[in-house]
1. On alpha carbon coordinates alone, what is the Rg over Rh value for segment 133-213, Rh being the Kirkwood radius?
2. How charged is the neighbourhood of Trp166? Take every other residue with its Cβ under 14 Å from the Cβ of Trp166, and add Lys/Arg as +1 and Asp/Glu as -1.
3. Excluding Trp4 itself, calculate the net charge of residues whose Cβ lies under 12 Å from the Cβ of Trp4, where each Lys or Arg counts +1 and each Asp or Glu counts -1.
4. Heavy atoms only, 1.4 Å probe, whole protein assembly: order Ser109, Ser47, Ser54 by accessible area, highest first.
5. What's the local net charge at Thr192, with K and R +1, D and E -1, over the other residues with C-beta under 14 Å away?
6. Taking the Cα centre of each part, how many Å lie between segment 111-174 and segment 1-17?
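The values are calculated or read from the model by the stated rules, or taken from the named source; none is laboratory data. All of these numbers come straight from a predicted model, not from anything done at the bench. FYI the Cβ positions are ideal-geometry reconstructions off the backbone, even for glycines, and counts take in every protein chain you see. Note: accessible area is taken over every heavy atom of the protein model, side chains too, but ligands, DNA and RNA are not part of it. Shrake-Rupley method; radii C 1.70, N 1.55, O 1.52, S 1.80 Å.
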Amino acid sequence: MIFWLLKWVLLGPVVRLFARPVVIGRQHLPADGPVILAPSHHAEIDSLVLSLVSPRRPTFVAKREYFDAATLRGRADRWLCTVTGQIALDRNGGDAALRALDAARELLSNGGVWAIYPEGRRSPDGRLHRGHTGVMRVALSVPEVVVIPVGLHGTAAVDAPGRRGWRRGRVRVTFGAPLDLDRWRLTPDDPTAWRAATDHLMGEIRALTGQEYVDGYAERRLPEAG
């Protein structure tokens, strides 16, 4: 209930005013059944834009820091993540990350929509970086799940990292066709299959966004000296 109130009344209209999203390929998103949305990632506003244009409610993986920060902004982020049912993920891996993936499997087994950024964090340079395999570790273990690559374009101009406040722009959201994962479904526990399927996913995202691809994980950009 709170999610829909935020989407249609409290927050969504503000996001629409600044992002003015154009949506392509929305017909690729099934009306029901388990779905994974795998978008490119450029800005904090990405999740808000995707939630705004998706006809179904997506549940995102949210970094653990959003739930733990003690600042005023941190408490606001924690409240927003909690009331919208986000899944906390420890990006350092370990048992916490595995529990988050188990929660995603449960969500999908109940026919939900899980949204996860395969790059793991926002792109520090606008390029598309190597994907982490968590999305496919889940996708290959849940029967009938549909994986939709999503290309986001223009969100960094609306919500530039390091800049306070949003600026009006024009965001394009492109939903790609569902991925064909049949060649890897027979080996759902094979790390080699996870990696190959993830690389296939990143190739499809690249086709939607036109980004330059980097075969290395996205790292946090450090502030320039001086």
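1. Using only Cα positions, Rg/Rh for segment 133-213 is 1.10.
2. Working: positive: Arg16, Arg20, Arg163, Arg164, Arg167, Arg168, Arg170; negative: Glu44, Asp46, Asp159.
Taking every Cβ under 14 Å from that of Trp166, the sum is +4.
3. With Lys, Arg at +1 and Asp, Glu at -1, the neighbours total +3.
4. Values: Ser109 85, Ser47 30, Ser54 0 Å².
Sorted descending by solvent-accessible area, the residues read Ser109, Ser47, Ser54.
5. Details: positive: Arg137, Arg183, Arg185, Arg195; negative: Asp189, Asp190, Asp199.
Local charge sum for Thr192: +1.
6. What the calculation gives is 20 Å, centre to centre.
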